[in-house]
Amino acid sequence: MKTSRLLSLCVAASLLAACGSDGPMPSPPTPDDAPLQLTLLHINDHHSHLDEEAALMPLATAGGQRENIQVRRGGFARVAGAIDALAAQSDNVIKIHAGDATTGDLYYNLTDGRADADLMQAVCFDTFTLGNHEFDHGDAGLKSFLDFLRDGDCKTQVLSANVRFGPNSPLHPERAPGYVQGSTLLQREGQSIGLVGLTIARKTSNSSRPDPGTHFEDEVIAAQAEIDALRAQGVNKIILQSHTGYDMDLELARQLSGVDVIVGGDSHTLLGPAAMANHGLSPLGDYPTRTTNRDGDPVCVVQAWQYSYVVGQLDVDFDAQGRITSCRGTPHVLIGEELLRQGTPLNTADRTAALADIAASGSLRITQPDPGVQALLAPYASQKQDFGRETAGQADTDLCLRRIPGLRFDPVRSTLGDTCNLDPHVIAHGGDIQQHVAQSMLHAGRQYFGAQIAIQNAGGVRVDMPRGTITVADTYNVLPFGNLLVQLMASGAELKAVLEEAMDALVTRGATGSYPYAAGLRWQVDFTQPRGKRVSRLQVAGTDGIWQPLDDATLYNVITIAFLADGLDDYTTFGKIKGDRRIDVGLGDAESFLDYLRAQPGSPPRLQRLPSDQYSTQAFIDPAPTN
């Protein structure tokens, strides 16, 4: 259990090193033995989504029925407006970004993160956790982004307790002192609050591109060392801001001693009341989720969904000994005041009823965008619009984003909500847009070197493609990572091995992004089977379109992205294919997708949901329920 004074000292060299990336932290003022209330305002995983977007939301109208009403949702200017308004209502506010600020929209591709950094500066977060996608362009790319983030009056402290930058990294503490710390201290009412950052370890090493010498320590060990160092200084209020995912956050709470609050990211988890389902939203748990730490003390766990849609507000009461006596809060889903039915403003009666429904929701928040942030974004938005406004095609149906078929692993990621999340075809076969991306890679590979099979990981495809016009910008938003294509000559046995590796990554580390999509290759999946036997009935499409069993000894001409060809995201077997069995093609994945789209029939070219027999996952069985 906690006490108001902890007399142990941070004297061991290893423990001192854990106090921060640049050595031991200064001793804070001795906190008063008095209760304290904190308000935490937080976001995570905004992924360069700086613009607001249109969304359909079921709202009550005057007739007593719920209708799909078009609203404006999210946008970083709206995030700034909400945080400013909420902060003005509380005395002791801490503003937290729990990671994955970058990669996912053209704003990052066009500005290398400058637009994100400028808008984060405008909000002036107290702390920012390094997420896995901060490492997508190596340590040098991350340092460039952090340079932008440091270029202003707001001194956001960047945190990660378990990153260890390699000796040649531009972010090694000797080259970039103070850029990244394991933890930091904030003062509120003369009391010290410790904030510890944590980056998901294996996923970042395998699913992003940190420099070869940069590694990530075990999350539990690193976090506990940092917490112990803070407690040794008398700090008895500890916030872990983690980028490890909701499930791991709950496990961290149970394993760690001394943690009070976990503000999370990575899994894009919406938390909130079950009543959010009335508005087409599917929360996966309570906000906050209450659990206990290793000491048996209360821990409050929160996360704020994704893409600048939500600002989380967590109010926490501590007693004089630093124990939580209560926590409560709201995941504020940010929407605009404009309410449209098929493009036309609602009449007075319907608008009055819809506004009353919003006010009674407990989570929907009408928020005006911050004008200053809008002005800051404007030149970047103009740059983005000039590049992306060209029409590339037309989607005749909603092409849904879904990482994994079934109902257990990742069922609510689509930004189109239950339209996609509850679609029987999506549940049976997986994401429509991921399948089209695999087809686009095979289209490119056939043109250049006669490829037979294409393989894409689910997490490399980032957004749905709603019904309607497809612009150039949309194609880059689908594939924002700038991956280059690679040709591999892989045996049937190697293909089977890599699919099993991807399935195992899902089971052992919850790596939903590893799930494979293929063109020219299809299979059945059964997660009730043991490791190595989850994928069966593998078939390859012949040149005549007839599907034939995959042959272990045959070498197949495969196209994939360099990320997977390098063995990342647990595609370990691919990483072992070297020499004359690997050719770096040099084609970009987004450009190939754009070429594929333009090759479709129609004017403009049209995309539809592919026939079911072309989906790589032909049958899917979820794992058996656990007690």
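List of remarks:
- Calculated P(r) of segment 122-250 - Cα pairs past 21 Å, %: 39
- Antiparallel content of DSSP bridges confined to the chain, in %, to 5: 65
- Measuring against 27 Å, Cα to Cα, the residue pairs K203/K237; K143/K237; K143/K578; K143/K203; K203/K576 contain K203/K237; K143/K237; K143/K578 as the ones spanning a longer distance.
- Mean Cβ neighbour count within 10 Å, used as a protection proxy, ranking 361-369, 85-93 highest first: 361-369, 85-93
- Radius 10 Å from Cβ of T573, net charge of other residues (Lys, Arg +1; Asp, Glu -1): -2
- Distant-in-sequence amide contacts of I621, defined by a placed amide H-H separation under 5 Å and a gap of 5 or more residues or a different chain, comprise V525, D526, F527.
- Restricting segment 444-502 to trypsin sites (Lys or Arg not before Pro) in coil, as DSSP defines it, with at most 16 other Cβ within 10 Å: R467
- Per residue, the chain exposes 37 Å² of accessible surface when a 1.4 Å probe is rolled over the protein heavy atoms with every protein chain present.
- Converting phi to 3J(HN,Hα) with the Karplus coefficients 6.51, -1.76 and 1.60 and the offset θ = phi - 60°, segment 244-249 yields 10, x, 4, 4, 5, 4 Hz in sequence order, with x at every glycine or proline.
- G178 long-range amide H proximity, modeled H, under 5 Å: none
- If the chain linking R164 and N347 were pulled fully straight, counting 0.36 nm for each residue of separation and taking away their Cα-Cα distance, it would gain 60.1 nm.
- Range in the chain, longest, excluding exposed GluC sites (Glu not before Pro) [loop by DSSP; at most 10 other beta-carbon atoms within 10 Å]: 391-627
- Per residue, the convex hull spanned by the Cα atoms of the chain amounts to 156 cubic angstrom.
- Tail beyond 19 Å, pair distance distribution of segment 372-455 (Cα, percent): 60
- Added length on full extension, which subtracts the Cα-Cα distance from 0.36 nm per residue, R290 to Q524: 80.4 nm
- For segment 220-361, the percent of C-alpha pairs falling in each 10 Å distance bin, counted from 0 to the bin holding the largest distance, reads 11, 36, 27, 14, 8, 4, 0.
- Spin-label model distance (nm) - E390 vs Q321, 7 Å beyond Cα toward Cβ: 6.8
- Within segment 177-306, antiparallel bridges make up roughly 45 percent of the DSSP beta bridges whose residues both belong there.
- Convex hull volume per residue, computed on the Cα atoms of segment 236-294, equals 72 Å³.
The values are calculated or read from the model by the stated rules, or taken from the named source; none is laboratory data. Predicted, not measured: the structure shown is a model, and the values here were computed from it. Because the Cβ atoms are built from the backbone with ideal geometry, glycine has one as well, and the counts that use them run over all protein chains shown. Remember, those area values only see protein heavy atoms, side chains included, never the ligands or the DNA or RNA. Shrake-Rupley method; radii C 1.70, N 1.55, O 1.52, S 1.80 Å.
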